[in-house]
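What follows is calculated from the coordinates using simple rules that are stated; it is not laboratory data. Note that this is a predicted model, so its numbers are computed, not measured. Note that each Cβ is placed from the backbone with ideal geometry, even for glycine, and that neighbours are counted across all protein chains shown.
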Amino acid sequence: MTQESIVKCNNCSAPLEYTPESIFIICSYCGNVNWFLEESKTQIFVIPSKNEGEIINAFWDRMRKDKDMKKVVNELEIVDTYGVYVPIFLSKIDVSSLWNGIERKTIIKNGKTKVVTIKKSGKFSDEILISIPARRVIEEFGLEELIEKISNNPPNHINIEEINWNEIKLQVLNSEISINEASSKLIDKAEDNIRKRIKKENNLSEFIFYSCDSKIKEMKLLLAPLWIISYKYKKGIYNIAISGNDLTFLKTTEPVFFYQRIFQLFGSALATLAGIGLLSLMFKVREDITFFIIACIACFSFAYSLSRKTISDVRIERWK
Amino acid sequence: MEQAKCPNCGANFNVLENILFTTCPYCGYTFNLKTLQEWVHYFFPIYINYNSAWIKLRSFISRRYGVPYDFNESSYIKNVMLHYIPLHVFHVEAEATCQSDMGKAVYHKILDIAIPAYSGFWFDSILNSHKFSIRGKIFFKPTLLEKGKYYPPNIQSDYAKNIAQNIANSLIMKEANESCKGYSQISKMDVKYIGLIHYPIWEIYYIYRNEIYKNLIDGTNGKVMFVEYPLSREARSFLLSSSLFLILFCSLGGLIIGSLIISSILGLIFGFISSIIVSSPLLSTAFSLKIRGYEEISKKDSIIPSEEIMDLFKELSIFKIKTPIVFDI
């Protein structure tokens with residue numbers, strides 16, 4: 001196990017960046033797929049990426065249009081741009097679920113608030129799309145958002161053997177998860193997603209019973225392009241993740257300006273006042289205590305989070 | 001010191017006492033000193049060198065709120081150490097079954113868990129909550145360690161396996177209990193040992209105006225694990241005046257609201273107390289000598305899946321076991 005040898009591409013003999021868990025490696029020079037785990041062999045599809053120039057243009061376009069950033073656009077400087085293809089398993093899963101739960105509702109009747117519990121139950125079956133990275137760690141900035149975007153609306157993808165690799169080539173991150181492991185992970189994720197969806201759609205506060213049978217109908221390995229631009233403003237460095245096929249901004253970090261801090265401070269003061277108002281009302285009317293307590297906590301937590309934001313260093317925006 | 005003989009190449013070399021595993025400095029074979037069995041051993045090369053770590057640290061600090069304007073010009077490195085920290089890594093597949101009036105349901109959980117295999121750092125607690133990446137590890141070779149400090153594990157893999165199992169147990173049972181009110185029990189628990197990984201971490205000390213600040217950077221991906229930095233006088237006064245504004249504004253507001261609704265004294269008290277709580281993040285920063293922070297990464301970035309695990313770590317308090325043993329190779 002301790003021996004390490006140089007692994008070369010089967011097609012062009014270029015050296016490959018082999019790691020102990022690599023399942024396949026796509027040669028960055030010729031695009032040839034080198035398999036290391038025969039039983040995990042599957043068809044690979046590529047979501048072609050735009051080129052670096054188009055990515056950089058999209059970045060400047062956004063900065064010039066953004067209401068906060070356009071004022072400082074001349075002070076921005078790109079320090080690094082890189083793109084990678086991230087291997088992602090996209091899968092169609094048949095799910096059928098049986099559930100039974102409780103909804104708790106606060107209702108106001110004759111001027112009095114009351115918490116009522118409603119029992120609900122149902123069946124759910126559907127065909128859903130789920131994707132996971134074919135890697136142990138979702139570590140790349142913006143990858144989480146990319147995965148979500150691909151499961152919501154899978155972009156066009158082409159069989160890797162039918163494309164001209166030279167036109168769209170980028171480094172491909174190694175795949176570390178075999179098909180078997182991916183299947184169990186996809187089923188795990190499908191169960192979790194459906195549980196959340198049922199809970200949300202039916203306003204459930206808790207489940208009495210939830211079961212979910214999931215069957216994978218189809219599974220593809222996609223290479224999805226992810227670009228990261230690092231830019232400099234004053235002395236700080238900020239990152240932006242862009243989806244390479246349609247130039248969507250997946251995740252951006254931006255500096256916090258002084259006037260934004262002042263807004264947050266005032267916001268915090270006003271939210272505190274609202275909380276004080278509610279607290280005083282509660283002491284006056286001495287009824288509907290639960291409602292008042294919840295509303296007060298909401299106001300004060302909002303005020304507290306705004307006050308914390310006053311000293312934050314970056315603003316993070318995510319693709320929705 | 002004890003003598004050890006490598007079962008792979010036959011070389012003799014010295015090892016410190018009380019360690020569990022060692023790596024032959026000649027051929028890189030890692031083995032258990034008692035059983036002489038080979039141990040799967042990986043290693044993360046440093047992708048972030050000394051220079052990039054310092055640049056990354058400075059740019060991270062520079063964008064934090066309230067850093068003095070002359071920070072980049074007036075700060076310089078005092079001391080840098082590269083630690084190779086051992087981790088036991090496990091792959092866990094767990095399943096829980098719940099039996100209720102409505103039928104039977106099965107829940108699954110699949111996760112990779114890294115447990116620090118060494119205790120004795122001042123930053124043990126940071127390691128516990130750090131999200132280690134497993135990307136790009138390669139087979140261990142002692143020549144690759146360069147000038148780093150290599151720490152042999154002083155926490156047994158079986159012990160770490162227990163912790164990994166406890167973590168998986170609590171996560172799958174939590175999922176089962178949230179999904180089903182019937183009788184739940186664990187129906188499958190496969191904990192597979194992936195291996196021992198040595199992971200690089202930079203410990204950097206810098207000086208700014210005669211004051212020393214300590215910092216930690218992940219050597220594989222450059223994530224800032226821990227920073228300390230100074231706060232400028234301007235920022236301190238902004239924070240203090242903001243807090244004062246919040247307290248006065250809210251107390252006065254409380255007084256007026258109180259006099260309209262209930263009583264002015266009660267309103268004033270509500271206003272004063274709530275504004276102190278709301279302005280506490282500003283006040284605590286304004287009064288700290290050194291500001292501390294770390295780079296926030298998304299929850300899913302981790303091979304340790306959630307914060308609950310960190311709580312578990314605290315409960316189990318695994319990092320109070322042995323005195324540290326450190327040696328250079």
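Ranked from largest, the principal axis spans of the Cα set of segment B:146-243 equal 60, 47, 22 Å. Using a Debye calculation, one point per C-alpha and no hydration shell, please list log10 I(q)/I(0) for segment A:120-263 at q = 0.22 Å⁻¹ in order. Here log10 of I(q) over I(0) equals -1.42.
For chain A, with a Gaussian network of springs between Cα atoms less than 10 Å apart, report the residue from A:Phe258, A:Phe141, A:Phe36 with the top mean-square fluctuation. Checking each option, the largest mean-square fluctuation is seen for A:Phe258. Considering only the other residues whose Cβ falls under 12 Å of the Cβ of B:Ile61, what net charge follows from Lys and Arg at +1 and Asp and Glu at -1? Cβ neighbours under 12 Å give a net charge of +4. Computed over the alpha-carbon atoms, chain A gives an Rg to Rh ratio of 1.07, Rh here being the Kirkwood radius from the mean inverse distance.
Taken along its principal axes, the alpha carbon cloud of segment B:80-222 reaches lengths of 69, 37, 25 Å, longest axis first. When the P(r) of segment B:176-299 is calculated, the portion above 21 Å amounts to 68% of the C-alpha pairs. What is the P(r) of segment B:207-269, as percent of Cα-Cα pairs per 10 Å bin from 0? Final binned percentages: 19, 21, 20, 17, 16, 7, 0.
From helices alone, the protein assembly as shown scores -10500 deg cm²/dmol at 222 nm; the rule is -39500 (n - 2.57) for each run of n ≥ 4 DSSP H residues, then divide by the residue total.
Springs join every pair of Cα atoms under 10 Å in this Gaussian network model of chain A, and among A:Leu273, A:Leu173, A:Leu76 the largest mean-square fluctuation is at A:Leu273.
Each of B:Phe287 and A:Ser184 was given a label point 7 Å from its Cα along the Cα-to-Cβ line. The distance between the two points is 5.2 nm. Alpha-carbon geometry of segment A:95-166: the Rg and the Dmax are 22.3, 73 Å, given in that order.
Within the listed set A:Val84, A:Val95, A:Val73, the Gaussian network model of chain A (springs between alpha-carbon atoms below 10 Å) gives the highest mean-square fluctuation for A:Val73. Stokes-Einstein, applied to the Kirkwood radius of segment B:14-106 over Cα pairs at a viscosity of 0.692 mPa s and 37 °C, places its translational diffusion at 170 µm² s⁻¹.
Legend: helices of chain A (whole DSSP H runs) are marked when their alpha-carbon atoms reach 24 angstrom or more along the helix axis and their mean Kyte-Doolittle hydropathy is at least 1.0; marked are A:258-285, A:289-309. Our summary gives chain A a relative contact order of 23 percent, counting only alpha carbon pairs under 8 angstrom and 6 or more residues apart. Against the empirical curve 2.2 N^0.38 Å, the C-alpha radius of gyration of segment A:58-122 lands at a ratio of 2.44. With a Förster radius of 60 Å applied to the beta-carbon distance between A:Lys112 and B:Val106, the computed FRET efficiency rounds to 0.85. In this rough spin-label picture, where each label sits 7 Å from Cα along the Cβ direction, the A:Asn152-A:Lys234 distance is 3.2 nm. The phi-based Karplus calculation (6.51 cos²θ - 1.76 cosθ + 1.60; θ = phi - 60°) puts the 3J(HN,Hα) values of segment B:87-100 at 10, 9, 10, 10, 10, 10, 10, 10, 9, 10, 10, 10, 10, 9 Hz, whole numbers, x for Gly and Pro. Normalising the Debye intensity of the protein assembly as shown to I(0), with uniform scatterers on Cα atoms only, and taking log10 at q = 0.05, 0.07, 0.08, 0.09 Å⁻¹ returns -0.28, -0.57, -0.75, -0.95.
Give me D for segment A:181-296 in µm² s⁻¹, whole number, from Stokes-Einstein with Rh from the Kirkwood sum over alpha-carbon pairs, 37 °C and 0.692 mPa s. Estimated via Stokes-Einstein, D reaches 160 µm²/s. Checking the cross-link pairs A:Lys215/A:Lys320; A:Lys92/A:Lys200; A:Lys149/B:Lys104; B:Lys174/B:Lys223; A:Lys196/A:Lys251; B:Lys188/B:Lys223 against a 26 Å limit on the alpha carbon distance flags A:Lys215/A:Lys320; A:Lys149/B:Lys104; B:Lys174/B:Lys223; B:Lys188/B:Lys223 as lying beyond it.
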